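First up is the structure itself, then whatever we jot down about it.
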Amino acid sequence: GAGVSQSPSNKVTEKGKDVELRCDPISGHTALYWYRQSLGQGLEFLIYFQGNSAPDKSGLPSDRFSAERTGGSVSTLTIQRTQQEDSAVYLCASSLGGSNEKLFFGSGTQLSVL
Amino acid sequence: AQSVTQLGSHVSVSEGALVLLRCNYSSSVPPYLFWYVQYPNQGLQLLLKYTSAATLVKGINGFEAEFKKSETSFHLTKPSAHMSDAAEYFCAVSAGGYQKVTFGTGTKLQVIP
């Protein structure tokens with residue numbers, strides 16, 4: 001596609017439910033990032049993929065969070081047993097590879113946990 | 001490990017005045033530095049980046065930033081603010097290679113007519 005696509009754009013869920021967020025990067029981009037944006041917190045790094053492997057998972061807040069990437073393309077971020085503090089905008093970005101490359105961001109998924 | 005600190009979560013300037021948004025970085029290796037901008041209801045986009053070619057980097061919309069190693073700074077400036085510059089600005093750092101990109105907490109710029 002022309003840009004990074006994220007779905008859903010909005011997700012409202014009940015506390016304790018599991019959610020899956022999807023990111024479809026720009027074709028040919030080998031690097032894929034997940035960030036979380038909360039008011040006053042800036043962009044919090046979650047996880048980074050190079051191809052299908054994740055060299056850096058250091059930002060995942062707890063073991064309720066996991067992510068995978070298949071075929072070097074689409075990535076899914078899964079949050080199990082959601083909590084209210086998980087409410088935020090989850091942003092995905094992709095780039096051509098090295099971390100000196102420009103990041104292209106999707107529009108994000110607004111997650112609200114009630 | 002690398003990090004960035006953005007001084008001032010909110011900055012207000014008058015239209016036509018100088019814009020100065022501050023960013024200090026910490027990195028154990030020569031860094032790559034970036035400024036991204038998020039306009040209201042839009043996604044983040046790259047404003048400019050430093051990759052060691054030149055210390056003064058020019059970006060889109062008249063913005064520029066200067067890499068100062070002695071001060072570990074990468075402040076963003078624009079000589080004359082325009083109403084359309086109102087947005088949130090994020091500084092970011094990377095150690096290069098296949099290392100992650102780390103963002104600061106952002107600075108919201110308000111332009112007063």
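The values are calculated or read from the model by the stated rules, or taken from the named source; none is laboratory data. From a predicted model like this one, the values you see are computed outputs, not experimental measurements. With ideal geometry, Cβ positions are generated from the backbone for all residues, glycine too; neighbour counts draw on all protein chains shown. Areas reflect the complete protein model, heavy atoms only, side chains present, ligands, DNA and RNA absent. Shrake-Rupley method; radii C 1.70, N 1.55, O 1.52, S 1.80 Å.
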Handout entry: Any chance B:Thr105 is at positive phi, touching a residue at least 24 places away in the same chain (Cβ under 8 Å), β-branched (Val, Ile, Thr) and open to solvent by 40 Å² or more (accessible area, probe 1.4 Å)
Key = no
Exercise for the section: Give the number of residues within the range B:73-113 that are in a loop (DSSP other than H, G, I, E, B) and over 23 Å from A:Asp56 (Cβ atoms). Expected result: 6
Fill in the blank from the handout: Picking from B:Lys69, B:Lys100, B:Lys49, the residue that is of a type in the set (D, E, K, R), within 9 Å of another protein chain (Cβ to nearest Cβ), more than 15 Å from the chain's Cα centre (by Cα) and open to solvent by 30 Å² or more (accessible area, probe 1.4 Å) would be B:Lys100
Practice task
State whether one or more residues within the range A:60-82 are in contact (Cβ under 8 Å) with a residue 12 or more places away in the chain, in contact with a strand residue (DSSP E or B) (Cβ under 9 Å, 6 or more places away or on another chain), over 22 Å from A:Lys11 (Cβ atoms) and part of a loop (DSSP other than H, G, I, E, B).
Solution key: yes
Practice task
Inspect all residues belonging to the range A:38-57 and state whether any of them is within 30 Å of B:His10 (Cβ to Cβ), under 10 Å from the mean Cα position of the chain (by Cα) and of a type in the set (Phe, Trp, Tyr).
Solution key: yes
